[in-house]
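A quick write-up on the structure given underneath.
The values are calculated or read from the model by the stated rules, or taken from the named source; none is laboratory data. Since the structure is predicted, the reported quantities are computational estimates derived from the model, not experimental observations. Cβ coordinates were reconstructed from backbone atoms using ideal geometry, including for glycine residues, and neighbour counts include every protein chain displayed. Accessible surface areas use protein heavy atoms only, side chains included; no ligands, DNA or RNA. Shrake-Rupley method; radii C 1.70, N 1.55, O 1.52, S 1.80 Å.
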Amino acid sequence: MRDEDGDQWVTPSAIDKATVSQDLILKVDAQGKIEGKKPISSEYPFHRRVLETRPDLNAVYHAHPKAIVGFSFAQIAPDMKVIPKYSDYVGRINVAEYACPGTEDLAAKEFADGCDAAILSNHGIVTGAGSVEEAFVKTELIERTARMEILAKSNGLEWIYPDHPDAYKNAAQQVHLMEEYEPEKPSEKELEARTLICKWANRAYKKNLCGTLDGSF
């Protein structure tokens with residue numbers, strides 16, 4: 001990610017990303033000086049190139065989710081139009097030509113073309129956004145759609161799109177028409193229940209019984 005001072009913050013190399021703590025994140029200042037305890041990610045050159053190409057983005061997220069990697073081998077992108085809300089949030093997805101991992105220009109052309117997501121051929125995916133959280137959500141929505149498409153087509157099913165010509169536009173507008181409200185302050189009993197649910201969710205996650213794409217509590 002790039003902060004308001006122009007410094008970039010990057011994950012280290014050769015470490016399980018699930019174990020990365022704040023003190024292990026490396027800092028790269030505007031002059032290219034690197035500060036950190038670990039070697040910088042080997043993928044950093046193309047992250048930097050994307051941020052240079054797109055000043056409007058502050059975060060670049062790169063990952064290798066299973067379903068998306070499957071699409072990357074076929075060098076096609078999941079069909080996001082089947083879920084208008086997902087499609088509107090993610091936008092256009094380009095497919096980048098194959099290049100060796102770590103190559104500086106990897107996906108830079110696709111981002112220069114105006115898309116915020118690119119499938120890396122035989123590799124994975126990269127997304128860009130205003131924040132790391134937004135880039136992560138885009139990746140997760142693409143992976144979720146990819147899983148559904150694989151599941152449907154492996155069972156001989158085909159995507160069926162809404163017939164109405166304004167279906168996608170209407171879906172986006174309806175979100176903005178929803179009324180806002182201030183929730184009531186929860187009772188002590190409800191707060192205890194929420195805490196218990198958090199404990200259940202954490203336990204299930206740590207025991208590998210569920211993941212971020214398996215549902216919600």
Meets criteria (open to solvent by less than 40 Å² (accessible area, probe 1.4 Å), modelled with pLDDT under 95, in contact with a Phe, Trp or Tyr (Cβ under 9 Å, 6 or more places away or on another chain) and assigned to a helix (DSSP H, G or I)) for residue 110:
no
Which pairs do you get when a residue that is free of Cβ contacts under 8 Å to residues at least 40 places away in the same chain, found in segment 95-106, comes within reach of a residue that is among the β-branched types (Val, Ile, Thr), reach meaning Cβ atoms under 9 angstrom, with the pair 6+ apart or on two chains?
95/76; 95/119; 96/119; 96/126
Just name the residue that is nearest to residue 142 (Cα to Cα) out of those in segment 174-217 that are modelled with pLDDT under 80 and in a helix (DSSP H, G or I).
175
Checking residue 9 against (1) aromatic (Phe, Trp, Tyr); (2) open to solvent by less than 50 Å² (accessible area, probe 1.4 Å); (3) farther than 30 Å from residue 149 by Cβ, which test does it fail?
(2)
Among (1) under 20 Å from residue 114 (Cβ atoms); (2) open to solvent by 40 Å² or more (accessible area, probe 1.4 Å); (3) in contact with a helix residue (DSSP H, G or I) (Cβ under 8 Å, 6 or more places away or on another chain), which single condition is residue 77 missing?
(2)
